[in-house]
Every structure is written in C-alpha cells, then in structure tokens.
Amino acid sequence: MKLSNRFLLAACVPLVLSACATTAPPSQVVAPVPTSWQAPLPHQGSLQGLSDWWSQLDDPLLVELIEAAQGVSPGIAQARSRIEQARAAQATARSALLPAVDGQANASRGFNEQVAAIATTAQAGLQASWEIDLFGGNAAAQSAANQRLAGAEALWHEARVSVAAEVAQQTSSLRTCLEQLRVAERDAQSRAETSRLSDLSERAGFTAPATAALARASAAEAQARVSQQRMQCDVELKALVALTGLEEPALRTRLAASPARPAPDALFTVDVLPAQVLAQRPDVYSAERDVAAASADVGSAQAQRYPRLALSGSIGTAWVRTGGATTDLNTWTLGPLALSVPLFDGGRRAAQVDAAQARYDEAVALYRARVRQAVSEVEQALVRLQSTAERNTSARAAAAGYRTSFDATEARWRGGLASLVELEDARRTSLAAENAVIALQHERQAAWVALYRAAGGGWKP
C-alpha cells in the first residue's frame, strides 16, 4: 500500500467512528402525582418536625429503644453492606476510565548464551495500557455505578426509618396490651367480689343457686381473660426484645417505670403538595436512581457494539553481571495503538442491548408504581388520622356513660333492685367501651407512625 493511501485510511477512521453513536433512553422520567392530597390534612399545615420525630413524644424510653434497635437491625446492616458493595463497584467502574499500570521484576543466574558464560541477570519494568473511551461506554458504566451508590445510600435511610417505625409500633402495641391487662385485672377483681357476695347471699337463702353459679362463671371467665391478655403481653414483649436486643428483665423494669402516654393530637403536618413530600422518601429516590442507572446501562451496552481503541506502552531496565563486569540495558516502547472492530458475535451484543433496554423499562415501571404506592400510603395514613380524631370524643363519651350505667346498676343490684343478669350485661358493655378507648389510642398512634413512614421520615436526598 502506498504511503498516501495509508494516510487516507488513517484520516477516514475518525469519520467512520463518528458515525457510530450511543443513544440511551431518558435518565429521568415523569411519574404523575396528584396536585393535592385528597385526604384531610392535620391542621392544614406545612411539612415540619419529621426528623427525629420520636424525640417529640417526650418519651425517653422510646428513643432508647429505637437507638438500640437500629444498632442491631439486620436490615440496616444489610443496607450498609450494600453501600460498601456499591462503592466498590463505583471504584471499579471509575478505574476503567484510567490507564492501568503493572510492574514486573525477575532475576536469575545461569549460563547466558549472549556472553557465553555464567551470569546473573535481573529485569524490572512497567507496562501500561489504556482503553480510549471513544463512545462513552466506560463513562456510562461509571454513571450507572454512581447512581446505584446514591440509591443504596437512600435505602440505608429507608432501613433506619423502617426500624424506627417498627419499634414505635411495637412499643405502642405492648403498652396498649399492658393497659388492657390492667383493665382486665380490675374487671376480674370486680367480678370476683360479685361472686363472693352472691355466694354469701346464696348461703343465707336470698339468692337462687343458678344466680350464684352465674356469678361464679362470670368470675372464672374474667380470670381466663386476664390469663389470655397476660399471655398476649408476654408475646408482645418478647417481640420487642427481639427488635431491640435488650435484656427482657431490664426491659420489663423500664416499661413499668414508663407508662403509656396518650397519642398527641399533632406530631407534624404534611405539605399540600404531594410531590414535595414524595421527593423526600428514600425508596422513591432510590427507584429514581435505578432508572438513571438502567439508562446508563443501555448506553454502556450500545457502546460495546462499536469499535474499541486501546493504547499500550512499556518501560524497563535490565542488567547482566558476569566475570566482575556489569552490562545495563534500558528499553521503552509506545504502542501499539490497537483498534478492535466487532464483526460477528452471533447476536450477543445486540441481545445485551435488548436486555439492558428491558431492565430500563422495568425500572421505569417500578419507579412509577413506587410513586403511586407512596401517594396511597400517605392518603391512607391521613384518612386513619382523621377517623381516629373524629371517633375520639364519641368513644370517650360512650365509655364514661357505660361506666356510669354500670356503677348505677351495681348499686341497684346491691340493693336488690336489679338482677345479676342486668349487672353482668352492664359490666360487659362498660368493659368493651373502655377497651375500645384504649384500642383507639393505639390506632391513632399507629396512624402517626404510618404517616411518619409514608412521608419519608424526614430524610433529605
């Protein structure tokens, strides 16, 4: 080939390469959200007080339990491990954009043909290679690694939010159970007293045996209910022990010294714009980073279908010592400049692009589904908060009224003006109303916890 033809071919190579280009899908997609919440907002306020919200409850024990649980949570440990893995993958992807340098050295002693004598030979050198990222494949891989690292860091915050919410929910459930246990114990004591008085009245001939038997049955039923409630509280306690890793005896002592507090009317409020609330949810942010990473993966896969250009070089030194004389030799090379053009691979690279595109489509669908789910979770929590607020006054009024009715019926029964059947009916109604008030407090606390979690726990990307 003539020299002019060689120069012409070299000049055409950049033109051919420039005709190849990668086209990645959008790294950001739109997820439709409503312009405003459809459920009632607490006090129609703005977003505030989400960060470390549990400290606002004036409950030092809850703060301690959450911190203990976050220290032993396998979910948080797993999220932390994924951050380290993503950081390592980021470093690997970054290294592909930089030259690689390897060093080597060796020494030997033996017969050397060049000097025709016994000689000691030593060599040392450096070899470098660099793939020129013509079509941005390596840069796209690094971008994908960066996005996945950001997503992993967000999921670590999501794990912390989840643990805090779970501990708060479990603590509220246990305290509710203990409060219902105290109600059941008072009810059992009251029924036992009724049974005792009925037995005395039966022995005196003023009460029929069937009536006394009803009183004894009622007392036995109450005692069984106490045993069942105590069992439920023990189960709840052991679940909290497993969450926090604390010793059970110490936790029992702390709970006894820290009684349940009523759920506050307002812990925090949410903004009227859903997009602002959803933007601070770690899971939504992570899903958005997954879309960006998948987009970069498509660009990286497309770049593998185009030519690759690599440059290498080396530098070294060697010396030979024989008969008291030493000979030095220094060498260096720049090149070759290697161009690799894919011609036939049986459709492997095209299939990799199709797979990357499919993963991108999946990431987009998951991101939009995550946004819809986030909106739904906030809406549901707001509805539950509104419902518990509306029922609170009525439930307390009902409990007070039924308690007054029971006290009056008990006074009438003691005076012989009411039957034991009437007394037991009034007692059951009063007990159910009192337990309903306690359960409603737990439901409201759970609604606040759900709203805290649905609103992202105060995390900021």
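The values are calculated or read from the model by the stated rules, or taken from the named source; none is laboratory data. Because the structure is predicted, anything quoted here is derived from the model rather than measured. Quick reminder, even Gly has a Cβ in these numbers, built from the backbone with ideal geometry, and neighbours come from all protein chains shown.
Of the helices (runs of 4 or more DSSP H) lying entirely inside segment 232-317, the ones with 3 or more residues being out of contact with any Pro (no Cβ under 6 Å at 6 or more places or on another chain) and either surrounded by fewer than 17 Cβ atoms within 10 Å (Cβ to Cβ) or on the phi > 0 side of the Ramachandran plot (or both) are found at 248-257. Take ALA116 and decide whether it is on the phi > 0 side of the Ramachandran plot, surrounded by fewer than 14 Cβ atoms within 10 Å (Cβ to Cβ) and out of contact with any Gly (no Cβ under 9 Å at 6 or more places or on another chain). Taking the combined requirement at face value, the residue satisfies it. Being basic (Lys, Arg) and at pLDDT 75 or above is a property that ARG6 lacks.
Within segment 318-327, if we keep just the residues that are in contact with a strand residue (DSSP E or B) (Cβ under 9 Å, 6 or more places away or on another chain) and in a strand (DSSP E or B), the residue that is farthest from PRO25 (Cα to Cα) turns out to be THR322.
When THR211 is tested against (1) within 30 Å of TYR367 (Cα to Cα); (2) modelled with pLDDT under 90, exactly one condition is not met: (1).
For segment 191-200, which positions are touching a helix residue (DSSP H, G or I) at 6+ places or on another chain (Cβ under 7 Å) and closer than 17 Å to THR409 by Cβ?
ARG191, THR194, SER195, SER198
Here the condition is being closer than 30 Å to GLU113 by Cβ, over 43 Å from the mean Cα position of the chain (by Cα) and among the hydrophobic types (A, V, I, L, M, F, W, C); of VAL341, VAL320, it holds for VAL320 alone.
Only residues that are within 20 Å of ALA292 (Cα to Cα) and in a strand (DSSP E or B) were counted across segment 95-153, and they come to 0.
As for segment 393-416, it holds at least one residue that is without any contact (Cβ under 8 Å) to a residue 12 or more places away in the chain and either under 30 Å from GLU158 (Cα atoms) or under 40 Å from the mean Cα position of the chain (by Cα) (or both). Of the residues making up segment 328-370, those that are in contact (Cβ under 8 Å) with a residue 24 or more places away in the chain, surrounded by 12 or more Cβ atoms within 10 Å (Cβ to Cβ) and outside any helix (DSSP H, G or I) number 3. Is it true that ARG175 is farther than 30 Å from TYR452 by Cα, basic (Lys, Arg) and in a helix (DSSP H, G or I)? No; evaluated as a whole, the condition is false for this residue. Hey, does segment 156-167 have a residue that's over 30 Å from SER258 (Cα atoms) and assigned to a helix (DSSP H, G or I)? Yes, because at least one residue in segment 156-167 is over 30 Å from SER258 (Cα atoms) and assigned to a helix (DSSP H, G or I).
Being buried (at least 18 other Cβ atoms within 10 Å of the Cβ), among the aliphatic types (A, V, I, L, M), free of Cβ contacts under 8 Å to residues at least 40 places away in the same chain and part of a helix (DSSP H, G or I): is that true of ALA184 here? Against the criterion (buried (at least 18 other Cβ atoms within 10 Å of the Cβ), among the aliphatic types (A, V, I, L, M), free of Cβ contacts under 8 Å to residues at least 40 places away in the same chain and part of a helix (DSSP H, G or I)), ALA184 does not qualify.
Candidates are the residues of segment 129-141 that are among the small types (Gly, Ala, Ser) and surrounded by 15 or more Cβ atoms within 10 Å (Cβ to Cβ); the one that is farthest from the chain's Cα centre (by Cα) is GLY136.
Candidates are the residues of segment 381-434 that are part of a helix (DSSP H, G or I) and in contact with a Lys or Arg (Cβ under 6 Å, 6 or more places away or on another chain); the one that is farthest from GLN445 (Cα to Cα) is PHE406.
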